[in-house]
Amino acid sequence: MRRPRTTIGTALVAALLFAAPVCAGAQVRLTLSGAPLVFPAPTVTDYDAGFVAAPTGVGFTVDVLSGNRRTQRTTIVSIRSSSVSLGGGKPVSDLQWRRADLATWNAMTTTDATVESRQVARNTLNDPWSNTVFFRVLLSWTGDPPGTYSAGLVFTLTVTTP
């Protein structure tokens, strides 16, 4: 069977949401690294396995820059796609993600999915903290026409104070 030619690329867009309470006056930063993410052209082995993985992940770091050191905050890093499709009729759910420290793959959606949440206190508890998100795209011998696929991804940082 002839292998279809497929190029899969993913552009990343960062969206930051800072919810700094008035009483705490905190400033928190989300930094991304490893973007844009580009997948290699799938091989016969990839099609047989049912997916092609990106060679690297997207790293993120959450850093509390200011505010009271005794105030604990909850930081939540979320991810979503800005599109319902990867193009060519391929659903965005064929793009999967997982945290570097977990083995479970998650289907990408257009609603925020929590990647990780941690309690932080400036320069003490979990400050700064980081992780990496890995990606793969599901492949089908019969369902993926040749083409270029892409998706805009949105990483969101939400910060709350109890």
Among the residues of region 115-162 satisfying the criterion of being touching a helix residue (DSSP H, G or I) at 6+ places or on another chain (Cβ under 9 Å) and aliphatic (A, V, I, L, M), which is modelled with the lowest pLDDT?
Ala151
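Please find, within region 97-107, the residue that is farthest from Phe39 (Cα to Cα) out of those that are assigned to a loop (DSSP other than H, G, I, E, B) and touching a residue at least 12 places away in the same chain (Cβ under 8 Å).
Our first condition is that a residue be assigned to a loop (DSSP other than H, G, I, E, B); within region 97-107, this holds for 100-105.
Still in the running and touching a residue at least 12 places away in the same chain (Cβ under 8 Å): 100-101, 105.
Numbers: Ala100: 17, Asp101: 21, Trp105: 17 Å.
Taking the candidates together, the pick is Asp101.
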Can we say Arg99 is surrounded by fewer than 18 Cβ atoms within 10 Å (Cβ to Cβ) and under 19 Å from Ala26 (Cβ atoms)?
no
Pairs where the first residue, in region 66-93, is touching a residue at least 24 places away in the same chain (Cβ under 8 Å) and at positive phi and the second is assigned to a strand (DSSP E or B) and among the hydrophobic types (A, V, I, L, M, F, W, C), C-beta under 9 Å, 6+ apart:
Gly67/Val28
Considering region 72-96 alone, what residues qualify as being surrounded by fewer than 17 Cβ atoms within 10 Å (Cβ to Cβ) and of a type outside the set (S, T, N, Q)?
Val84, Gly87, Gly88, Gly89, Pro91
By residue number, the members of region 113-162 that are part of a loop (DSSP other than H, G, I, E, B), surrounded by 16 or more Cβ atoms within 10 Å (Cβ to Cβ) and among the hydroxyl-bearing types (Ser, Thr, Tyr) are Ser150, Thr161
(1) assigned to a strand (DSSP E or B); (2) at pLDDT 95 or above: which one isn't true of Thr110, the others all being true?
(1)
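The values are calculated or read from the model by the stated rules, or taken from the named source; none is laboratory data. Values in this document were obtained by computation on a predicted structure and should not be read as measured data. Positions of Cβ are generated from backbone atoms using ideal geometry, with glycine treated the same way; all protein chains shown enter the neighbour counts.
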